[in-house]
Amino acid sequence: MANRKPLSVAHRTCIFDSARLFFAGSIDSVLLSVCLLIAIRLFHAPVAAKGLLSSLVWFGGLTAPFIVRVAAASGWRASRFGALLFLFTAAAFAAAACARSIGPYIICIALAGVFYRADAAIMAKVYAENYGHGRMASLMAPGLILAALMTVAFGQFSGVAMDRSIGNSGSILVATAICGVICAVAAMAIPSHPIRGADGVVKESYMKYFFRNRALTKMAIYLTAVGLAYQMLIPMRVEHLTNCVHGWNLSNFHVLLLSLAVPNFARLLSTPLLAFMFDHMRLIPVRQLTNIVFLGGILFYFNGNSFTAIAIGGALLGVAMAGSFVMHSLWLTKVVPPQDLPKCMSVYLMLTGLRSIIAPLASYALLAIGSPRTAAYGATLLLIFAIIGFWTLRRDPAIR
């Protein structure tokens, strides 16, 4: 029997990373919506606690550079260290399942978010090494599609389970922990190299390099505005559908259908197209298209007076989400040379972490003086600012 030709590094990475992303879809589902719904329905969390929870699930973006430094000091392969992070994520979800009050629950969910977000920082380096430039987004697309599929399925499973009995929330968190363990196994099989000591370190020289680069600075400002708008609306999409004061008080199933399943199903369908566009078009037109779709999604979701209008808004938000997922870790590859990616990514991750903490707190502050629609108007202003800013960069030769 002839020997089979061994899989290339890129194809092996694609296969095992797709498996990792598929089961990670359950974690996305919980961190994006389910954990907040549990806080509302099971623990009857006050506004301050909901704002804190929504903020802390993104705290991992701020701590990611520190964890990357720990990974570099360990000498382990990047994917092996990523597997360890998934095991810690699983342990945090298992602990959250045992929580009997809102305080310990928030702490456990926050820890899960810290470990899970740090893995994304490590995988950005693995993608750059194993996929190369020009086809990175296309090779990531199968995994992103599978992740969206699992996010939809797990979200609907969670909604049905909680409608039957809110006590099933503990079982949902245990199931998420099991998926985290499976992610760890898949991550171990991804080929990678040890992280160099300089990767992920936010040195003063890195900050100077980043902010002295005019294109980088402007891109970071406008992407921060888009990110703030996106993350302000994540908890508001749930609040808009669960609070009868604002006109809606849907079942858990329908809340997760509109806030999670519909957006992620649209994300699933649109990811291949947006990945292709990212690989074959300039960055700014693709980003602007995503921003305009995002704006339409906000208008429909928060101003619609029918189930259908909200569903259309959710679908448009999902298409925008697909573009953001594709571009989040890859936009720098179209602005800086490969040798400068690690230091620029470390600075950008720090900025992402800061905005991720601020955004939910800002949205709940606006909720306190108005309604979810008030927060949506604030996000709309940020998005319009970003659209105008990106328009000024449309012919910048430094942005490919």
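The values are calculated or read from the model by the stated rules, or taken from the named source; none is laboratory data. Because the structure is predicted, anything quoted here is derived from the model rather than measured. Note that we place each Cβ from the backbone using ideal geometry, even for glycine, and neighbour counts take in every protein chain shown.
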Next on the checklist: Condition first: over 26 Å from Asn243 (Cα atoms), surrounded by fewer than 20 Cβ atoms within 10 Å (Cβ to Cβ) and at pLDDT 95 or above. Can you find one or more residues in the range 19-28 that meet it?
Outcome noted: yes
Checklist outcome for this item: Residue set Val293, Val286; condition under 26 Å from Asp396 (Cα atoms) and modelled with pLDDT under 95; output residue Val286
Checklist entry - What number of residues in the range 68-113 are polar (S, T, N, Q), assigned to a helix (DSSP H, G or I) and within 19 Å of Ile40 (Cα to Cα)? => result 0
Checklist entry - So which residues in the range 29-57 are among the hydrophobic types (A, V, I, L, M, F, W, C), closer than 15 Å to Gln231 by Cβ and either at pLDDT 95 or above or assigned to a helix (DSSP H, G or I) (or both)? => result Leu31, Leu32, Cys35, Leu36, Leu52, Leu53, Leu56
Item to check | Residue match in the range 250-261 (condition: of a type in the set (Phe, Trp, Tyr) and modelled with pLDDT under 90) | outcome: no
Next on the checklist: Which of the numbered conditions does Val202 fail, given that it passes all the others? Conditions: (1) in contact with a Pro (Cβ under 9 Å, 6 or more places away or on another chain); (2) at pLDDT 90 or above; (3) not basic (Lys, Arg).
Outcome noted: (2)
Checklist entry - Exactly one of (1) in contact with a helix residue (DSSP H, G or I) (Cβ under 6 Å, 6 or more places away or on another chain); (2) part of a helix (DSSP H, G or I); (3) in contact (Cβ under 8 Å) with a residue 24 or more places away in the chain is unmet by Val336. Its number? => result (2)
Next on the checklist: Can you say whether Phe302 is out of contact with any Pro (no Cβ under 8 Å at 6 or more places or on another chain) and either farther than 23 Å from Arg394 by Cα or in a helix (DSSP H, G or I) (or both), as far as the supplied structure shows?
Outcome noted: no
Item to check | Residues that are surrounded by fewer than 23 Cβ atoms within 10 Å (Cβ to Cβ) and over 27 Å from Phe66 (Cβ atoms), drawn from the range 121-140 | outcome: Gly132, His133, Gly134, Arg135, Ser138, Leu139
Next on the checklist: surrounded by fewer than 17 Cβ atoms within 10 Å (Cβ to Cβ), among the aliphatic types (A, V, I, L, M) and out of contact with any Cys (no Cβ under 6 Å at 6 or more places or on another chain): which single residue out of Ala322, Ala375, Ala309, Ala359 fits that description?
Outcome noted: Ala309
Checklist entry - Among the numbered criteria (1) more than 18 Å from the chain's Cα centre (by Cα); (2) under 27 Å from Ala78 (Cβ atoms), which single criterion is violated by Ala137? => result (1)
Next on the checklist: I need a count of the residues in the range 249-268 that are in contact (Cβ under 8 Å) with a residue 40 or more places away in the chain and either surrounded by fewer than 24 Cβ atoms within 10 Å (Cβ to Cβ) or over 25 Å from Met140 (Cβ atoms) (or both).
Outcome noted: 11
Next on the checklist: Out of everything in the range 270-296 that is part of a helix (DSSP H, G or I) and without any contact (Cβ under 8 Å) to a residue 24 or more places away in the chain, what residue ends up being surrounded by the fewest Cβ atoms within 10 Å (Cβ to Cβ)?
Outcome noted: His280
Next on the checklist: Return the residues of the range 58-96 that are surrounded by fewer than 19 Cβ atoms within 10 Å (Cβ to Cβ), small (Gly, Ala, Ser) and modelled with pLDDT of 95 or more; say none if nothing qualifies.
Outcome noted: Ala91, Ala95
Item to check | Candidates Ile310, Ile399, Ile384, filtered to the one that is within 30 Å of Leu269 (Cα to Cα), among the hydrophobic types (A, V, I, L, M, F, W, C), touching a residue at least 12 places away in the same chain (Cβ under 8 Å) and in a loop (DSSP other than H, G, I, E, B) | outcome: Ile399
